[in-house]
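A quick write-up on the structure given underneath.
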């Protein structure tokens with residue numbers, strides 16, 4: 001937030017709203033798979049964490065190249 005200076009509060013609000021929106025969408029996708037067991041929840045955790053790690057490793061490796 002430091003580079004945003006005087007609009008850091010607005011930036012934090014946008015990041016928070018975006019995070020909530022993404023969480024709601026991914027939670028809905030996971031929730032639609034509910035079949036009375038915990039399996040869809042576990043699958044959702046594994047899938048979304050896996051995708052997150054891929055994104056993190058990709059962005060971190062690109063940052064090291066610069």
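Read the figures in this text as sums done on the coordinates, not as results from a lab. Treat the numbers as computed from the prediction; the structure is a model and nothing was measured. As a convention, Cβ positions derive from the backbone with ideal geometry for all residues, glycine included, and neighbour counts pool all protein chains shown.
The stretch between residue 2 and residue 28 holds 6.0 nm of extra length on full extension. This uses 0.36 nm per residue minus the Cα-Cα distance. Treating the angle as unsigned and between 0 and 90°, give the value, to the nearest 10°, between the Cα long axis of helix 8-32 and the longest Cα principal axis of the chain. Tilt relative to the chain: about 10 degrees.
Each of residue 53 and residue 20 was given a label point 7 Å from its Cα along the Cα-to-Cβ line. The distance between the two points is 3.0 nm.
Both radii were evaluated on the Cα set of the chain; the Rg over Rh quotient, with Rh as the Kirkwood radius, amounts to 1.13.
When the helices of the chain are scored as -39500 (n - 2.57) per DSSP H run of n ≥ 4 and the total is divided over every residue, the value at 222 nm lands at -28000 deg cm²/dmol.
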